[in-house]
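Beneath this line is the structure, given in structure tokens, with notes to follow.
Since every read-out is calculated from the coordinates, none of them should be taken as a lab result. From a predicted model like this one, the values you see are computed outputs, not experimental measurements. All Cβ positions, even for glycine, are placed from backbone atoms using ideal geometry, and neighbour counts span all protein chains on display.
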Amino acid sequence: MTYPFVVDYSGSMAFHKARARKALSHLYEQVPDNAVVSITAFSNNASELYVGNKSDLSNENLEGLLEAHKIGGGTNPTPG
């Protein structure tokens, strides 16, 4: 089974980034280790941050991945 996660990194989330990261991390912990996960960030456009087996992305690496992605831009309602 694939578990898609989509995270809003638009400018309006600047004050909520830590809370969003914490929520995603909590949900991520609930996903079975043998599952496939995809993590996509969006603001002006969508950026695929990770696609692969959950077992290949530790919680610590997930935190680093989410922290490294910068907030900015607006929310583009069109695909990609």
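FRET efficiency for the pair ALA23 and SER55, taken as 1/(1 + (r/R0)^6) with r the Cβ-Cβ distance and R0 = 22 Å, rounds to 0.50. Scanning residues 5 or more positions from ALA46 or on other chains, those with amide H under 5 Å from its amide H are GLY80, with H placed 1.01 Å from N in the peptide plane. Rounded, prolate or oblate: pick one for the range 15-68, where a ≥ b ≥ c are the square roots of the eigenvalues of its C-alpha gyration tensor, a/c under 1.5 means rounded, and failing that, prolate if a/b is larger than b/c, else oblate. Because a/c hits 1.5 or more and a/b fails to exceed b/c, the range 15-68 counts as oblate.
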